[in-house]
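Enquirer: My structure is below; once you've seen it, I'll send some questions.
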Amino acid sequence: MEIEINELLNLLTFYITQKGYEKKRTKLLAPYIIQAPGKDSSSSHAAPPSSSSRYRERRSRRTHRSGGTRDDRYRSDIHTEAVQAALAKHKQEKMALPMPTKRRSTYVQSPINTRTPPGRAGRRQTTIPKLESHPESPETWANRSAQGSSTSSSASSTLSHGEAKPGQGQPQPQPQYKPQYQPLYQPHHQPQYQPQHPPQNPPQHPPQHPNQHPPQQRVPVNSRVSTKIQQLLNTLKRPKRPPLSEFFTDDSEEIVEVPEPDPNTPKPEGRQIIPVKGEPLGVVSNWPPALQAALARWGATQGKSPALTALDITGKPLYTLTYGKLWSRSVKLAYTLLNKLGTKNEQILKPGDRVALVYPNSDPGMFWVAFYGCLLAEVIPVPIEVPLSRKDAGISQVGFLLGSCGVGLALTSEICLKGLPKTPTGEIMQYKGWPRLKWVITDSKYLTKPSKDWQPHIPTANTDPAYIEYKASKEGTVVGVAVSKVAMLTHCQALTQACNYCEGETLVNVLDFKKEMGLWHGVLTAVMNRIHTISVPYAVMKACPLSWVQRVHIHKGARVALVKCRDLHWAMMAHRDQRDTSLASLRMLIVADGANPWSVSSCDAFLNVFQSHGLKPEVICPCATSPEAMTVAIRRPGVPGAPLPARAILSMGGLSHGVIRVNTEDKNSALTVQDVGHVMPGALMCIVRPDGPPQLCKTDEIGEIIINSRAGGTMYYGLPGLTKNTFEVIPVNANGVPIGEIPFVRSGLLGFVGPGSLIFVVGKIEGLLMVSGRRHNADDLVATALAVEPVKTVYRGRIAVFSVTVFYDERVVIVAEQRPDASEEDSFQWMSRVLQAIDSIHQVGLYCLALVPANTLPKTPLGGIHISDTKQFFLDGSLHPCNILMCPHTCVTNLPKPRQKQPVGVGPASVMVGNLVAGKRIAQAAGRDLGMIEDQDLVRKVLLSITLRAGLYLTEALQWRAQTDPDHVLYVLLNAKGVTVGTATCVQLHKRAEKIAAALMEKGSINTGENVVLLYPPGIDLIAAFYGCLYAGCVPVNVRPPHPQNLAATLPTVRMIIDVSRTACILTTQNLMRTLRSKEAAASVNIKTWPTIIDTDDLPRRRPPQIYKPPTAEMIAYLDFSVSTTGMLTGVKISHAAVSALCRSIKLQCELYSSRQIAICLDPYCGLGFVLWCLASVYSGHQSILIPPFELESCLSLWLSTLSQYRIRDTFCSYSVMELCTKGLGTQTELLKARGVNLSCVRSCVVIAEERPRLALSHSFSKLFKDLGLSSRAVSTAFGSRVNLAVCLQVLPLGLSEKHSWGTTGPDPCTVYVDMKSLRHDRVRLVERGAPQSLPLMESGKILPGVRVIIVNPETRGPLGDSHLGEIWVNSPHNASGYYTIYGEESLQADHFNTKLSFGDPQTLWARTGYLGFVKRTELLDASGDRHDALFVVGSLDETLELRGLRYHPTDIETSVSRAHRSIAESAVFTWTNLLVVVSELCGSEQDALDLVPLITNVVLEEHHLIVGVVVIVDPGVIPINSRGEKQRMHLRDSFLADQLDPIYVAYNM
């Protein structure tokens, strides 16, 4: 144990967290209570073993097999013992499994009739139990982890997270996330301050900044979530894979790791099988020439002999139909069908037409009359189930059957017709996929008695179809198997011979009389032999499971009973109620599903109970059947006293490889199989391989049984292609040579021929799961699951097992109905044990185990589970489970090998890892030269309305404009109604700035160069305060004001920036000043230590003594603070020179001058948004119409209406604004059009962002508002970063139509498609649109004048070639000067702003943007006639996730996740201790929450080859987003680990 703990600590150093909480103190203490010796300790959750431990177990099983007596293994209940033995092995492994976390209100198990989708009301008011928190040493924690614990799944996820361990650094206070909607311009979370830039090397898991607190210090260490992740890691210790030798292979074949074939795999060794022949079919003189002739004979000669007795719902006889009545009614129906359905001259039905028979299971008499009436009329009956609603399982597939059979008429009874669903007008509802049907009632009173001279035509049986039996395939498709008249008759003869039927016997039938055994024995063979059938409906069996046994007892002469294992089981469970029943009269108890290998246990258990009631062992006759081959084999009734047939004890390991190996030692993995008797009389049988050509198997090989017989189906009606593959199979030998010319029919049964030509069946093709090249039988897995104490947790007969294809292989899924009284602990315990049992016994890992509420799985008409519909619900995300366990780590063994990074050498020969060819163009691009352009413009004086020298300060520009053009309106501010609430002319802005500068000098006693915080809502006050600071010589620091309704979350950020920037004074409004000094603010921060606060609302008219002019342009103009997407708060210094250069660059790129008007709907607090809002207008003289983004919450159409009203040509917005319009106005375009909104004036709509362009959102926006006149070319993007606020910006030039040249700003932004696999390897491979794994990327705008970019390997710092992925470095006069820090550590991060290439051009100074991207030379030409170099931004280096040695961009995974289900509103991913965590916002019903878990796991595995470790489902709005609409993933991570998300559900994938 100590060694294991040390291993664990070595593995997980740096990530150890304290154990999670328990719901109650007793549960917390439970693991420490010493159990008395001998007590069962299996209640604590045992983990599934790691693959290495499984390997050791298997080896030990092979080498040291437990002996055990051989006779034991003949007992059929041996499997239950085997399962318990397998589970006992796991008891020693006391690892704690992380139990899923649920909201208490989400799933309250209740009876199905009271189940409603859980309400969301009052969810937040969950009471928070107070837990005592005890400090604990790491040793104690490790011991507890190793011992294991039982975590309560229903513990409320709102538990407070307790205190940190003594001696550890206290984490930063994490504000509790408030559920109410946050306005766009407010931050959702408090950022973590970090002045430094990310490290030079790419971040490891998760991305860490230097000097950042380690994760266990940032998050409360005794967080429940951290513990569960720790438990999860304990279950995932796997052997390391060997390193990948080559750097990268583009071949798709290399995606999947192909396991090496195991040399110990058993292979068939026997000789080729010889076809097995059944006994000859005897010729009996009194056998009729056709089945109808037998009915005519008995109707005439034995009219009073009983044919059928039907029971009512209580199990008592309802009526008895005699052979005379059956004959006369059938004749009447035949006459009516042929002569009385249409008008006098029109015959609706002709012989050979197909007719649907729609009769309930409770009315066999009507069905018998209809079936034989159709045979006499020579029309072909197609029996189907009664449709109960439009949502019946497989209802549309039944329509496919009716369509393929060309059915236009349906026969039914009056009662059944009344019960069918109807439209409001009273017509029968048209079911999805069904052809139009004419309904005919066949009750006697509606039938016409034929004239005396009319007699039905009864020809000798021929090859024409007699009836069509429906069959549902594995995929759910319903097809019709046509049975010819001669096959029907021959089959009855063969059954009569095999079962030794005698005239006048009594038969009790519990099966469905419309198909298969119930039809063949209980309707057809019964009439041929004048047998009296007692039909026991399914409804009676549900009410009284012993009813069929009572019928056998009451009818003393009942010689044959026709049942399924289910009926044996039900009767056995209910037998205590009836002491005096006798089954002594039975000579045959036919078990219809005896081909199921697990039927042997039901047969044995039933015999065990009822042998004392007269049941003889030799009467139990299992049989094997299929709709296509009909009866394949049946055990003949035995002779009293004769020895019972032997059983096969097979190795499950051998079966999974398709070979027969007798299991001699290890009874845990043995399968005991009973025979199903001999081949039918007159039939020939072979065993062929189930896949590929029908090659004959060897004698010790499992294969598909194929039959040649006159008594079998002839075709799938109307489907010739399918028919050939099933009904016309010619077996071939090992050399591929056909063994003869006679065609065989595939039965769909898997089996082998045993000693004495006995047939053994081990499964069905449709239940076959092929996982990693091995075969597993669904029935075997069900049996193992049921052997794990099923009675308390799930219903016995309601388990579905199927496989889904995920990541190039089949994955096993088990879905079961959970009992309403099962607790979550019970359910989780059961699921964990099922995983272990199946892993131990079948050596296959389960992918998913789901429990759904009682009575919610789709059912077949007779109560079984509809597997294909269940699978479809699972894949569609509409299964609505109440418990789910995903185990992808166990069963996904074909993931590509993790990449091992190769050592990187620096030098001109290896510009990039992977031997780049020398002479390849260096990946760099540049905007136009600023100086050259200005000279040209000065000459032409076209673009510049004022002659600005390069070093002009903004303060000088404002003064100059106030003198030369005082009344020119620079700014217009709009409110939510679109009304102008403020304007500022040049002179007004100048005077307001003077007033503020005077106030700063007088009230604030501010010295030159001191920092002043501006705390304003978006508006003109903010602009005036900014220029006031510049006039006074101060350095403005623009800060987003706190949200008055959410001070606890937003005020600490304000406080942090004020403290970090050492602010001397705060400029703000009266309202905000009151907020800062309010009691509510005092609850979040210390309000007594605010710097001087100056309210600028009503300042006196004063002018400063002089307006400050900086002595050098390199002095700081302002500080730009921003929260990065990784949650770090960084401040950068922007010099006066950079401000002038940036404004000049934007002016030239956007062609801005005094007569221009632009609209801005951006947050004005940082980055390019602040520059456009406050600086650009003063420099260029254009008019800016300001639309605060938060106003869009009151009026969504404000921005678009403004563009239309003012005829705006250029507008700037953020992605959050665009998303708001797309989602909120998507359905209102017609309404906007009616109001006169016209966007044809807009030539450029530029999205300001510091991220990869969101192509899908841009396209949606363009497409949506195309109807309002928006040009498809209008939307483009800008790109900036912390080191350079504006690298790219694309605005279409003035006055250009689609046909014109591109002028000064260059071509349209181009889109390329790159291969996602290569991106993960830091490579760019361009592919065609629509290629698999392709990712569309849009150019990030045109590079600004004066800007140069180069793509650099972040590790070697060497330049890269064209179309290679690397870090974007930028050289520009408007680069920021450096990070602002109070600690004087600028030198540490200086290289982020002033760094040099390691070779190539070592003189130029570059700034590192921290973003990955590439440059591609396009075919388009720019203004100078050169080919255009496009810059593509791929993502932030800080945010990338390094998993399995590859680099992933969160946005790619999130895009895949958002597509997985309609109820996923937004998602975010991050890593924690090398596990991928996916957080998804649920926008649908909470019922859908657990549906998302497998879908998210599937899509990430399929598209990104990653296994999701934790799936968290939360409410909408929980994922924090900054003002630019970018996700704050690190904040989300901290909140999750601190247990502050209040998730709906947390699934830990094992």
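The values are calculated or read from the model by the stated rules, or taken from the named source; none is laboratory data. Please read all numbers here as calculations on a predicted model, not as lab measurements. In this analysis, Cβ positions are derived from the backbone assuming ideal geometry, glycine residues included, and neighbour counts consider all displayed protein chains. Note: accessible area is taken over every heavy atom of the protein model, side chains too, but ligands, DNA and RNA are not part of it. Shrake-Rupley method; radii C 1.70, N 1.55, O 1.52, S 1.80 Å.
Enquirer: Under a point spin-label approximation (7 Å from Cα along Cα-to-Cβ), what is the E728-T1404 distance to one decimal in nm?
Expert: 7.2
Enquirer: Bin width 10 Å, origin at 0, all Cα-Cα pairs of region 489-624: what percent of pairs per bin?
Expert: 13, 48, 34, 5, 0
Enquirer: Give me the distance between the Cα centres of region 542-557 and region 972-1045, rounded to whole Å.
Expert: Centre-to-centre (Cα) distance: 93 Å.
Enquirer: Next question. D for region 1330-1459, whole µm²/s, Stokes-Einstein with Kirkwood Rh over alpha-carbon pairs at 10 °C and 1.306 mPa s: what number?
Expert: So the translational diffusion coefficient is about 95 µm²/s.
Enquirer: Considering only Cα-Cα distances, which of the following residue pairs are longer than 28 Å: K304/K859; K277/K556; K344/K471; K542/K871; K422/K514?
Expert: The pairs that break the limit, which is 28 Å between Cα atoms, are K304/K859; K277/K556; K344/K471.
Enquirer: Please compute the length gained on full extension between K1396 and E956, using 0.36 nm multiplied by the number of residues separating them and subtracting their Cα-Cα distance.
Expert: 154.9 nm
Enquirer: Calculate, in nm to one decimal, what T1418 and H555 gain on full extension: separation in residues at 0.36 nm each, minus their alpha carbon distance.
Expert: Extending this stretch completely gives an extra 301.7 nm.
Enquirer: When the gyration tensor of region 560-690 is built from Cα positions, what are the square roots of 5 times its three eigenvalues, in whole Å, from largest to smallest?
Expert: Values: eigenvalues 149, 75, 37 Å².
That gives 27, 19, 14 Å for the three semi-axes.
Enquirer: Still on this structure, I have one more. Across all directions of projection, what mean area in square nanometres is found for the Cα convex hull of region 1069-1209?
Expert: 12.9
Enquirer: Could I ask something else about it? Over its Cα atoms, what ratio of radius of gyration to 2.2 N^0.38 Å does region 588-658 give?
Expert: The value comes to 1.25.
Enquirer: Let me ask something else about it. Taking only the alpha-carbon atoms of region 958-1100, what semi-axes of the equivalent ellipsoid follow from 5 times the gyration tensor eigenvalues under a square root, in whole Å, largest first?
Expert: 27, 19, 11
Enquirer: P(r) for region 255-367, please, calculated from all Cα pair distances in 10 Å bins and given in %.
Expert: Histogram of Cα-Cα distances, whole percents per bin: 10, 21, 22, 16, 9, 12, 10, 1.
Enquirer: What is the magnitude of the charge dipole of region 732-871 about its Cα centre, with +1 placed on the Cβ of each Lys and Arg, -1 on the Cβ of each Asp and Glu, and no other charges, expressed in debye to the nearest 20?
Expert: Value, rounded to 20: 240 debye.
Enquirer: For region 960-1008, what is the accessible area per residue in Å², given a 1.4 Å probe and the full set of protein chains?
Expert: With the other protein chains kept in place, region 960-1008 gives 47 Å² per residue.
Enquirer: What does the extension gain come out to for K977 and R1427, with contour length at 0.36 nm per residue minus their alpha carbon separation?
Expert: Difference between extended and current length: 157.4 nm.
Enquirer: How large is Rg over Rh for region 1371-1523, taking Rg from the Cα atoms and Rh as the Kirkwood inverse mean of 1/r across Cα pairs?
Expert: Values: Rg = 20.9 Å, Rh = 19.0 Å.
Ratio of gyration radius to Kirkwood radius: 1.10.
Enquirer: Now a separate question. What whole-number volume per residue, in cubic angstrom, does the convex hull of the C-alpha atoms of region 430-497 give? Intermediate values should be presented prior to the final figure.
Expert: Values: hull volume 13.2 nm³, N = 68.
In region 430-497, the Cα convex hull volume per residue is 195 Å³.
Enquirer: Quick query: amide H of I1093 versus all other amide H atoms, modeled in the peptide plane; which residues come in under 5 Å with a sequence gap of 5 or more or a different chain?
Expert: I1066
Enquirer: Also, quick follow-up: Restricting to Cα atoms and excluding each atom paired with itself, what does the Kirkwood estimate give for region 720-810 in Å?
Expert: By the Kirkwood definition, the hydrodynamic radius is 16.5 Å.
Enquirer: Separation between the K1223 and Y795 pseudo-spin-labels, each 7 Å from Cα along Cα→Cβ, expressed in nm?
Expert: 3.9
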